[in-house]
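What follows is a set of notes on a single structure, which appears directly below.
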Amino acid sequence: DGGITQSPKYLFRKEGQNVTLSCEQNLNHDAMYWYRQDPGQGLRLIYYSQIVNDFQKGDIAEGYSVSREKKESFPLTVTSAQKNPTAFYLCASSALQETQYFGPGTRLLVL
Amino acid sequence: GIQVEQSPPDLILQEGANSTLRCNFSDSVNNLQWFHQNPWGQLINLFYIPSGTKQNGRLSATTVATERYSLLYISSSQTTDSGVYFCAVAAGGTSYGKLTFGQGTILTVHP
């Protein structure tokens with residue numbers, strides 16, 4: 001089954017803790033993206049990667065980190081420096097210069 | 001960066017009615033996509049349409065790039081059309097994948 005998977009579906013973070021959100025795709029897409037969505041808002045780009053071992057900051061990268069060691073995987077770490085991490089996180093992928101397709105999302109809540 | 005404005009912010013329809021959603025953007029774009037976000041948060045691609053007109057069943061879209069707007073038409077609406085509709089745009093070149101989202105139009109279709 002082709003597509004984009006994100007895990008976990010729900011994630012709880014304690015104060016001062018780093019957490020990592022998983023994103024995997026088997027669409028053979030070169031580009032992958034992380035977005036954040038706050039309630040009642042549109043999506044905002046956190047980080048994106050167009051090729052393995054390379055990534056660029058989006059509009060709201062502070063407090064987040066990523067890696068792209070494999071073409072199919074683009075994990076996002078929400079660090080303790082991110083003071084307001086509660087949000088819905090969406091991962092997407094695309095062939096270069098083509099339509100983006102989205103995963104089902106991870107809801108992050110702070111305890 | 002590019003600014004994206006969607007209207008109306010909310011729309012309530014009876015089943016069977018037609019509607020038009022609008023997306024205005026502030027600069028030239030080479031990438032424009034329409035998405036539907038369902039109640040579970042999943043973003044579903046509707047159209048990739050940086051210019052021209054496309055149709056898919058009861059949905060159609062038109063982008064007039066020179067005047068910097070796009071329209072999404074929904075005909076004979078159904079309750080399953082309810083959700084949030086987003087327009088997202090990006091410039092060309094290395095910014096092609098850096099989508100900027102509008103705030104969305106919340107559509108509610110009553111039976």
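The values are calculated or read from the model by the stated rules, or taken from the named source; none is laboratory data. Fair warning: this is a prediction, and the values are worked out from it, not measured in the lab. Backbone-built Cβ (ideal geometry, glycine too); neighbour counts: all protein chains shown. The protein model used for the area step is the full one, side chains on, heavy atoms only, and it has no ligands, DNA or RNA in it. Shrake-Rupley method; radii C 1.70, N 1.55, O 1.52, S 1.80 Å.
Separation of region B:47-62 from region A:36-111 is 27 Å, based on Cα centroids.
Normalising the average separation of contacting C-alpha pairs (under 8 angstrom, six or more residues apart) by the number of residues puts the relative contact order of chain B at 38 percent.
Hey, what's region B:29-70 come to in accessible area per residue, 1.4 Å probe, Å²?
Numbers: 2020 Å² over 42 residues.
Counting only protein heavy atoms, the per-residue value for region B:29-70 is 48 Å².
In whole percent, how big is the carbon plus sulfur part of the accessible area of the protein assembly as shown, probe 1.4 Å, protein atoms only? Don't skip to the end; give the middle numbers.
Details: 5130 of 10570 Å².
That fraction is 49 percent.
Using a probe of 1.4 Å on the protein chains alone, the accessible area found for residue A:7 is around 60 Å².
Assuming a viscosity of 1.306 mPa s and a temperature of 10 °C, what translational diffusion coefficient in µm² per second does Stokes-Einstein assign to the protein assembly as shown, Rh being the Kirkwood radius over Cα pairs? Could you put the intermediate results ahead of the total?
On the way: Rh = 17.9 Å.
Answer, rounded: 89 µm²/s.
How much net charge surrounds residue A:70 when only the other residues with a Cβ under 15 Å from the Cβ of residue A:70 are counted, with Lys and Arg +1 and Asp and Glu -1? In short, -3.
Other residues within the sphere of radius under 15 Å centred on the Cβ of residue A:109, judged by their own Cβ, net out at +4 (K and R +1, D and E -1). Straight-line reach from residue A:9: taking Cα to Cα under 28 Å and skipping same-chain neighbours fewer than 8 places apart, the lysines in range are A:57, A:70, A:71, A:83, B:98.
Counting only other residues whose beta carbon sits under 13 Å from that of residue B:106, what net charge do I get with K and R as +1, D and E as -1? Don't skip to the answer; put the middle values down first.
Values: positive: none; negative: B:10, B:81.
Net charge in that neighbourhood comes out at -2.
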